[in-house]
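Chemist: Here it is, the structure in full.
The values are calculated or read from the model by the stated rules, or taken from the named source; none is laboratory data. Predicted model, so just to flag it, every value in this text is computed and none were measured. Cβ placement follows ideal geometry from the backbone for every residue including glycine, while neighbour counts extend to all protein chains displayed.
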Amino acid sequence: MNVRGSNDFGGAASARTRVRRGADRAQYDPQEILSILDAGMIAHVGVTTNDGPLVLPMAYGHDGERLYLHGAAANHLLASGDHSEVCVTVTHLDGLVMARTPFHNSMNYRSVVVRGPARLIDGDQAKRRALKLITDHVVPNWDSGREVSQSDLRKTLVLEMPLAEASAKVRVGDPVDEPQDISGPWWAGVVPLTTRFGTPQASADLTNNSEPPAPVAALAGLTPDERLQPATRHNKRNNSANQ
């Protein structure tokens, strides 16, 4: 991931990715940005269409240098994003921060914003590679199902955008209350929030006795952060660097 950091932008890749509000919570280190993207599964994608701004949640993947999004061939958002500026956000909610006054209530979170030009991917080989990255980002099961057909590819749009303009913002810790409120009678603290995968449940129309693929079965009990082990992320980035 090649972030064009500059002292002119306080370490951010560009003026528009520099965090201004709560700047002390900004993270511009590429590895921190990638770790947040690694742990996430849903991105909110924003584009400007002929009908006005549009934001939709989408699965995504990345190779350390570029971010990939996909949808149906009729997807208005993806078609509008071709050769346009796109904004993508990924957010993890880690806890509710309850202060002594509701005015100071907050949340603990990790978030990434990516901005930049996007384009639709042409060519079956490039499209297959991107779709595999998206699939295996969520859970590595691309190779355990029916092979993707030419018909599948024709029905799918894939959008790519560079990760060069990206920034992260992270909040951890307790509420920040007014000094005069600290000795008051009101409770303050954090309510942690954790998401965990359940045990895989077979489809009602499953006609064989097959078991879930090993990567799917292994999700049970894990958090999204835990589903990708460090070695997996390391290999992904090394593969990208060698291409």
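Chemist: Against the definition (touching a residue at least 24 places away in the same chain (Cβ under 8 Å), surrounded by fewer than 16 Cβ atoms within 10 Å (Cβ to Cβ) and either in contact with a strand residue (DSSP E or B) (Cβ under 7 Å, 6 or more places away or on another chain) or under 30 Å from Arg119 (Cβ atoms) (or both)), how does Asp174 come out, yes or no?
Modeler: yes
Chemist: For Ser210, which of the numbered conditions (1) of a type in the set (S, T, N, Q); (2) modelled with pLDDT under 95; (3) in a helix (DSSP H, G or I); (4) exposed (fewer than 14 other Cβ atoms within 10 Å of the Cβ) fails to hold?
Modeler: Status for Ser210: all satisfied but (3).
Chemist: Sticking with this structure for a sec: Go through the residues of the range 184-194 one by one and say whether even a single one is under 19 Å from the mean Cα position of the chain (by Cα), crowded, with 18+ Cβ neighbours inside 10 Å and under 22 Å from Asp38 (Cα atoms).
Modeler: no
Chemist: Could you count how many residues in the range 148-170 are in contact with a Lys or Arg (Cβ under 7 Å, 6 or more places away or on another chain), farther than 19 Å from Ile33 by Cβ and either assigned to a helix (DSSP H, G or I) or among the charged types (D, E, K, R) (or both)?
Modeler: Selection size over the range 148-170: 1.
Chemist: Of the residues Ser106, Ser84, only one is surrounded by fewer than 19 Cβ atoms within 10 Å (Cβ to Cβ) and out of contact with any Leu (no Cβ under 9 Å at 6 or more places or on another chain); which?
Modeler: Just a single option satisfies the conditions, and that option is Ser84.
Chemist: Determine, yes or no, whether Gly173 is over 24 Å from the mean Cα position of the chain (by Cα), assigned to a loop (DSSP other than H, G, I, E, B) and of a type in the set (Gly, Ala, Ser).
Modeler: When the stated conditions are applied, Gly173 does not pass them.
To keep it simple, each residue is scored yes or no on (1) within 23 Å of Ser106 (Cβ to Cβ); (2) of a type in the set (D, E, K, R); (3) at pLDDT below 95; (4) part of a strand (DSSP E or B).
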position	(1), (2), (3), (4)
Ala13	no, no, yes, no
Arg16	no, yes, yes, no
Val19	yes, no, yes, no
Asp38	no, yes, no, no
Val45	no, no, no, yes
Thr48	no, no, yes, yes
Leu54	no, no, yes, yes
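Chemist: Take the range 59-84 and flag every residue that is assigned to a strand (DSSP E or B) and out of contact with any Lys or Arg (no Cβ under 7 Å at 6 or more places or on another chain).
Modeler: Hits for the range 59-84 are Ala59, Tyr60, Gly61, His62, Arg66, Leu67, Tyr68, Leu69, His70, Gly71, Ser84.
Chemist: Right, something else. If the Cβ limit is 7 Å and pairs must be 6+ apart or interchain, which residue in the range 15-44 that is over 25 Å from Pro57 (Cβ atoms) and touching a residue at least 60 places away in the same chain (Cβ under 8 Å) pairs with which residue that is of a type in the set (Phe, Trp, Tyr) and surrounded by fewer than 20 Cβ atoms within 10 Å (Cβ to Cβ)?
Modeler: Cβ pairs passing all conditions: Arg18/Phe9.
Chemist: Answer yes or no as to whether Asp122 is crowded, with 19+ Cβ neighbours inside 10 Å, among the acidic types (Asp, Glu) and not in a strand (DSSP E or B).
Modeler: The answer is no for Asp122.
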